[in-house]
Amino acid sequence: MADTAAKSSETYMFQYKGYNFPKDTVTPEYIDSLEDFEIRDSDVFLVTYLKSGTVWTQQIIILIHEEEGSNAAESEGSNAAESDTNLKRMPWLEYNLEGQDYNMRPSPRLFTSHLTYNLMPKMLKEKKTKVIYVARNPKDAMVSLFHFSKICTYMETAKNIGDLMEKYLSGQVVAGSWFDHVRGWYTHREQLNFLFLTYEEMIQDLRGAVLKMCHFLGKRLQDSTIDRIVEKATFKNMKNDPKANYEFLPEKAILKDNGKFLRKGTVGDWKNTLTVAQSEHFDEVYRQRMKDLPLKFVWDLNEDAS
Ligand SMILES: Nc1ncnc2c1ncn2[C@@H]1O[C@H](COP(=O)(O)OS(=O)(=O)O)[C@@H](OP(=O)(O)O)[C@H]1O
């Protein structure tokens, strides 16, 4: 057994305020400091649970803001911060990997976060700050995590999907429970300036999702600009986009064994991974945990949301 697999979960993460942080990436003091982090009306937060389409939506939000500048001129793209990676342009609130002083960033500041609602800056609900929350059906998010755990240096490598599933369903993985994350954000949506999207609707209608985001962000872009954003956000193009594919991260920070952040980008890959019994067990837990939330997900592109 590989060294990494033999290590226990505690070697890789620590629990703080109900959330599981990867070890050595952040301190409790920094997380505490976020409570009073000064939010601006013009800030935009993208919030997701792990493996739910974060870097994809991040690319779209960045492009919407950059292309806005080039809209009138109908140019071939924006020159704004062209050399910067998406990580630099839209950093994680909780993992300040670039060591930026967030207070010094010019508006509008774009942030990414995997945090739960209760860990976010408390000013969030007092401001007009825009929050885009993207959720993915949890079977696919778990399968994505399963593969990611094999290439991610800050995570315990999953022994097998059954073992990961037990941990996933009880929230003993990085970022804690999918159920708690979605519930925490969804139930506070009316107190926030909030757009809820799903990974699956982005797969089914990427242009429609880009338009929804433009509308929410108050950006009126020309059709040709929207087309350009959609094109730059396709799986194929993002995979080859060095500023968006996260292959720029040094191995010690995240990816090992030449692992790819953009793996498959589909809906329903769980069907290739879970046994029928595992899937039924997942469904049972899902039914219990979600029974009072009016959320529906697409689990298979040939079926309606349920
Ligand atoms: N453009 C595009 N189109 C479709 N799918 C995409 C795209 N970009 C990223 N992805 C897929 O999103 C999954 C990674 O999720 P996250 O970005 O949330 O990962 S992370 O939590 O920030 O580590 C991961 O899903 P899986 O392929 O199922 O593993 C990525 O492939």
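Derivation of every value follows stated rules applied to the coordinates shown; laboratory data play no part. These numbers were taken from a predicted model, which means no experiment stands behind them. Quick reminder, even Gly has a Cβ in these numbers, built from the backbone with ideal geometry, and neighbours come from all protein chains shown.
Go from 0 up to the bin containing the longest alpha carbon distance in the chain, width 20 Å each, and give me the % of pairs per bin.
33, 61, 6
Could you tell me the ratio Rg/Rh of the stretch 160-222? Both radii from Cα atoms, Rh via Kirkwood.
Working: Rg = 16.0 Å, Rh = 14.2 Å.
Reported Rg/Rh (Cα atoms, Kirkwood Rh): 1.13.
Please give the contour-minus-distance gain from Asn103 to Thr266: 0.36 nm per residue of separation, less the Cα-Cα distance, rounded to one decimal in nm. Mind dumping the intermediate values first?
Details: separation 163, 0.36 × 163 = 58.68 nm, distance 3.71 nm.
Contour length minus the Cα-Cα distance gives 55.0 nm.
Can you return the lysines within cross-link range of Lys125? Criterion is Cα-Cα under 30 Å, with same-chain partners fewer than 8 residues away left out.
Qualifying lysines at Cα under 30 Å: Lys17, Lys23, Lys51, Lys88, Lys212, Lys219, Lys291, Lys296.
Remind me, relative contact order of the chain in percent, using alpha carbon pairs under 8 angstrom and six or more residues apart? Display every interim value, and only then the final one.
On the way: 415 pairs, mean separation 73.4, N = 306.
That works out to 24 percent.
What are the residues whose amide H is under 5 Å from the amide H of Arg109, where those residues sit 5 or more places off or on another chain and H is modelled from the backbone?
Residues meeting the criterion, in which the H sits 1.01 Å from N, are Asp43, Val44.
Asp227 to Phe248: extension gain in nm, 0.36 nm per residue of separation minus the Cα-Cα distance? Intermediate values should be presented prior to the final figure.
On the way: separation 21, 0.36 × 21 = 7.56 nm, distance 2.62 nm.
My answer for the length gained is 4.9 nm.
If amide H atoms are built 1.01 Å from N in the plane of the peptide, which residues on other chains or at least 5 residues away come under 5 Å of the amide H of Arg40?
Residues meeting the amide H criterion: none.
Measure nothing but the geometry: give the 0 to 90° angle between the long axis through the Cα atoms of 276-290 and the longest principal axis through the Cα atoms of the chain, rounded to 10°.
It works out to around 60 degrees.
Would you work out which of Thr116, Ser177, Leu34 lies farthest towards the positive end of the dipole of the chain, given +1 charges on the beta-carbon of Lys and Arg and -1 on that of Asp and Glu, about the Cα centre?
Ser177
Please list 3J(HN,Hα) in residue order for the stretch 156-161, calculated via the Karplus relation 6.51 cos²θ - 1.76 cosθ + 1.60 where θ = phi - 60°; whole Hz, with x for glycine and proline.
Going residue by residue, I get 5, 5, 5, 5, 7, 5 Hz, with x marking Gly and Pro.
So between Tyr30 and Leu293, what do we pick up on full extension, going 0.36 nm a residue minus the alpha carbon distance? Intermediate values should be presented prior to the final figure.
Values: separation 263, 0.36 × 263 = 94.68 nm, distance 3.21 nm.
That works out to 91.5 nm of additional length.
If you count, for each residue, the other Cβ atoms within 10 Å and average over each peptide, how do 180-191, 36-47, 100-111 line up from highest to lowest? Kindly include the intermediate steps, with their values, before the conclusion.
On the way: 180-191: 17.0, 36-47: 18.7, 100-111: 12.9.
Packing order, densest peptide first, comes out as 36-47, 180-191, 100-111.
Could you work out how far helix 206-217 tilts from the main Cα principal axis of the chain, as a 0 to 90 degree angle to the nearest 10?
60
Tilt of helix 138-151 relative to the longest C-alpha principal axis of the chain, in degrees (0 to 90, nearest 10)?
90
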